[in-house]
1. Give, rounded to the nearest 20 debye, the magnitude of the charge dipole that the chain has about its Cα centre when Lys and Arg contribute +1 at Cβ and Asp and Glu contribute -1 at Cβ.
2. Where Rh is the Kirkwood radius over the Cα pairs of the chain, the temperature 37 °C and the viscosity 0.692 mPa s, what D in µm²/s does Stokes-Einstein return?
3. Tell me, what is the 1.4 Å probe accessible area of Arg408, in Å² to the nearest 10?
4. Take the Cα pairs of region 208-271, get the Kirkwood Rh, then feed it into Stokes-Einstein at 10 °C and 1.306 mPa s and tell me D in µm²/s.
5. With each pseudo-label sitting 7 Å past Cα toward Cβ, what's the Ala79-Thr316 distance in nm, one decimal?
6. Suppose we look only past 20 Å in the calculated P(r) of region 416-526. What percent of the Cα-Cα pairs does that tail hold?
7. Which of the peptides 415-421, 497-503 is most tightly packed, and how do the rest follow, going by the mean number of other Cβ atoms within 10 Å of each residue?
8. Net charge within 11 Å of Lys246 by Cβ-Cβ distance, Lys/Arg positive one each and Asp/Glu negative one each, not counting Lys246 itself?
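The values are calculated or read from the model by the stated rules, or taken from the named source; none is laboratory data. Computed from a prediction, not measured in an experiment: that's the story for all the values here. Using ideal geometry, Cβ is built from the backbone for each residue, glycine included, and neighbour counts are taken over all protein chains shown. Heavy atoms of the whole protein, side chains included, go into the accessibility calculation; ligands, DNA and RNA do not. Shrake-Rupley method; radii C 1.70, N 1.55, O 1.52, S 1.80 Å.
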Amino acid sequence: MKHYFLTLLLLLAGLMPAKADNITVNGQQRSYNVYAPKNLGENRPLLIFCHGYNQDANWIQNSEFKNENVSMEAVCDTAKFVVVFPNGIDRAWDIGGDRDINFVKAIIEKMASQYNIDRNRIYMGGFSMGGMLTYNAINKMADIIAAFVSCSGPSVVTPNSKTRPVPILHIQGTADNFGSVQPALNPWIQHNGCSTTAKVISNYNGFSGAKLHIWGPGKDGVEVRLIELKDKGHWITKEPQVYTGKEIWNFCSRYSLNKTKPSVTITSPKAGLIYNSFAPQGTATFPDITITANADDPNGTVSKVQFYDGSTLLATCTSKPYKATLTGAKSGTHTLKVVATDNDGETASVTTSVTLTASQTLSLSQRFTENACTPAGWISYDGSEKRIGYVGGHGNGSRVMQLTGSPRAFNYGYYFRNINGNRHDGWIKYGLPESSATLSLAPGHYVLKFKACNWNMESFGELEFAVEKAAGSQAVASTTYKPTANIGNNAGNGFSGVTQQTFQFDVTEQGNYVLAVYSAASGWSDGMVGELILSANGYETTGVKTTSRAETPTALYDLQGHRLAQAPRKGIYIQNGQKIVK
């Protein structure tokens, strides 16, 4: 009972991670929390710890790893290591495949770039389903991770014969399917060459409810350890005598890989970056892409760093800074690879991808397919919090929602809000410079199709759609739309009557632009948009180059090519193939 009251108090207190961040993996944005102590220094260890099913990084960090006296951050501050709490997709993990293995690898590369971690001292653990993922990682990442820990997460795999002997710590309560733990550990005990008879320490750390089982040391001096917690259920133990955070660190810190190969990380461009270019067929151009990297060697020096676009060598650097430029790139996905070679001839490589699209039609909502996330390429602001995509695991605030009511006008919608009520204080935008996408538009006429409604505004609130210059946020076109449907503050509610709307606008200057959607200038106004499709409807310049007075009563057209029933009192229109000012 005390555990649940403590959890509730922590949630009410609104404890937040030290830092939330994201990374693109296999074209999908993933998120995580990271804590790094002050005065960390260089060449320090890294621990990656994964949450359980239906949990997230905030929960595991701020609830499961905290008690009245100690936290994982306090352990980090004392021992000087970095800890990362990743977010699973839909609060779950791929415990048999490579999707989340690649995610963990990407985190390691980013931590190496940001904090210069010691690649010989990288550790991984998890609770429940996160522990199951950890066992999956043993066969696939034993050459990268020095030691593994599972808390209440059974092994879902058996050892691969090619996997090195691996140190394993498992922590489990006797009221939590404890009888199945040792049978699952036995294959690992045998694989490590440990004695099948354990050394048992009762009253472990002076705690009568704890018993430690030790198998080993086996090959390479590794051990398999099991901490048995009497009458404990499916949660992480936080008793002062057996605090899980300390137990993890005390076990893992005994092991190191002693690797000799060099390491290399790509520091720019941002992984998964997408350049969208609207231009006449065959004329789309893309900016130069600068590639920078860090490289080091644990037992020597880096002799050269080579940069590739696919199989094409771009540059070879023999000293810092390690840098190359991709120029004149064509549309498509470019796999950028960096290879580091040390003085012993050993190599290491890393890749990232950049996608260049020559668009005529672009679905701006193509990433509205994951519930509770800020999608890639998008940024939201509600007057208080700014969220830069991709970030997953949002429990509230501006985010993509999966709508499940019936009938419904669309399956996924991007909800955004205005907390303070100030004009333009609540918005979502695509293509801002700090996001992972850019939107380049050539002079021409464009059409944006969208569906929109309100989330929790019975009297409805107007939405403003705008096209702005990426630099300076100057609006070049805008329109307002007042929804006629309101979902009613519940994703399970049905809603209908949402018809596709059209926003037509002209661009007169080549450049990078941003699509913005603003909620009304009133407190807690909101909006929900979906099925956003941007199309080019012609690339002829729409600026007025010649003017004349209309003298003949021939047919009149507006700048979109629609015939006018009668002459306007004033404005710009087309007559006899010329643009006319009246």
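1. Working: 52 positive and 44 negative charges, 69 e Å.
The dipole magnitude comes to about 340 debye.
2. Value of D from the Cα-based Kirkwood radius: 122 µm²/s.
3. Ignoring ligands and nucleic acids, Arg408 comes out at about 100 Å².
4. Working: Rh = 15.3 Å.
In µm²/s, the coefficient rounds to 104.
5. It is 4.3 nm.
6. Numbers: 2741 of 6105 pairs.
Result for the distance tail: 45 percent.
7. Values: 415-421: 21.3, 497-503: 14.3.
Order by mean packing, descending: 415-421, 497-503.
8. Details: positive: Lys238; negative: Glu239, Glu247.
For residues surrounding Lys246, the net value is -1.
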